1. Can you tell me which residues in segment 330-370 are among the aliphatic types (A, V, I, L, M), more than 18 Å from R50 (Cα to Cα) and free of Cβ contacts under 8 Å to residues at least 40 places away in the same chain?
2. May I ask you to verify whether V147 is outside any helix (DSSP H, G or I) and free of Cβ contacts under 8 Å to residues at least 60 places away in the same chain?
3. Do we find a residue being in a strand (DSSP E or B), more than 30 Å from L254 (Cβ to Cβ) and touching a helix residue (DSSP H, G or I) at 6+ places or on another chain (Cβ under 7 Å) anywhere in segment 327-348?
4. Go over the candidates V71, V90, V108 one by one and state the one that is buried (at least 16 other Cβ atoms within 10 Å of the Cβ) and over 30 Å from L229 (Cα atoms).
5. Could you please find all residues in segment 274-319 being of a type in the set (S, T, N, Q), out of contact with any Ser or Thr (no Cβ under 9 Å at 6 or more places or on another chain) and surrounded by fewer than 17 Cβ atoms within 10 Å (Cβ to Cβ)?
6. Which of (1) assigned to a helix (DSSP H, G or I); (2) among the polar types (S, T, N, Q); (3) surrounded by fewer than 15 Cβ atoms within 10 Å (Cβ to Cβ) is the odd one out, the single condition N173 does not satisfy?
7. Of all residues in segment 244-267, which are among the hydrophobic types (A, V, I, L, M, F, W, C) and touching a strand residue (DSSP E or B) at 6+ places or on another chain (Cβ under 6 Å)?
8. Of all residues in segment 265-314, which are out of contact with any Phe, Trp or Tyr (no Cβ under 7 Å at 6 or more places or on another chain), closer than 21 Å to A245 by Cα and polar (S, T, N, Q)?
Amino acid sequence: MRRSLLIIAFVAAAGALAWLLVDRLLEGNATTKGSERRLPVPVEVARIDRGTLVQRRSFSGTLEASSQFVVAPKVGGQIASILVDLGDAVQRGQLVATIDDAEFVQAVQRAEAELAVANAGLAEAEAALTIAVRGLERARSMHEGEVLSDSILDTAVAKELASRSKAVVSKSNVTRAEAELASAKIRLGYTQVRAEWNGGKDTRYVGARYVDDGGVVAANADLLSVVELDPIVAVVSVPERDYAALTPGQRATLRTDAFPGRDFDGSIARISPVFRQATRQARVELRFDNRERALKPGMFVRTTLELVKVDDATSVPYEALTERDGVRGVFTVTDDGVHVAWKPVRVGVRDGARIQITEGLDDLKVGTNVVTLGQALCDDGAAVVVPGARDKTKSED
């Protein structure tokens, strides 16, 4: 019995000692963890700034000629010659092609001959009318003197009327022949194919050539495509979210792989009022000066539009934004430089790496620092350390 009591006392003492050791270890761990929580959080910071912000959007698109005109002959026939080639400059009204005119020349000659016949017929009819008028005058004089009978007078009157009608018909024949001659001459003129267009500049360029010398074409068949290259139009498709911010005249810039690093300036020219059902996007046309004719229709381009411009805007780096309990905000560094304060904010225009703060930082001055890296470990009032800030302070001292 005595031995059993000794064993029980020994076990109890060992248990108490073990409990004491565990309790001390747990207390030590808690103290260590508490010390870790109280250590300053290393962060990176950037300044609150004030200035102009521009919200931009980039879209891909294709260049198109600002105006395109297809040269087509008004008469069919064999192409005698094409006087311009691909890429050639063309002036308004310039002769660009000719069609074999042998048949048209013959048609003019035939119309001239028919006009001559009609004129001869008219001259004959007018002479017969003159004679008939004189005969009627004599018949009336003699009838008044009771020399001629009524029937002979009636015959003279009928002859004069018939001659007058024939003269009218002959004159109509002349008018018709003149019209046919004029028409034949117009068709002959159509064999000289000219590049005529309305509006725009007087100089354009051959963008495509569809036929060669000797080919036979029908009336209104395409011969050449003549395009205007200055200005040139970039066509992009804009989704609904950006559509409301677009207005004609807004500034735009363009880049293309053909000229790396070079920006072309332009503006919005036209905005379609209709969205395509398949893509839910609207067509927008941007106009760019192209005096050097460096840009060509069909090029793939990337355009950037300035949607919104805000002057004197308060801004922070976009990386400074974070969320706490579903609220967006930033951590600002307090005046002592070693603590941060949580500031809920509202944002506006984003310009690249910076974003406008419309509400929440009105009580802070420009130059105040906000946390841009490490805010995930921060709470309101947390201690922080900015790497390099202490060294900088010592060097300034």
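The values are calculated or read from the model by the stated rules, or taken from the named source; none is laboratory data. These numbers come from a predicted model, not from an experiment. Cβ sites come from the backbone with ideal geometry, for glycine too, and all protein chains shown count toward neighbours.
1. Correct list: empty.
2. yes
3. Scanning segment 327-348, I find at least one residue that is in a strand (DSSP E or B), more than 30 Å from L254 (Cβ to Cβ) and touching a helix residue (DSSP H, G or I) at 6+ places or on another chain (Cβ under 7 Å), so the answer is yes.
4. Criteria check complete, one pass: V108.
5. Q277
6. (3) is the only condition that N173 fails.
7. A245, L246, A252, L254, F264
8. Within segment 265-314, S267, S272, Q277, T279, T304 meet the criteria.
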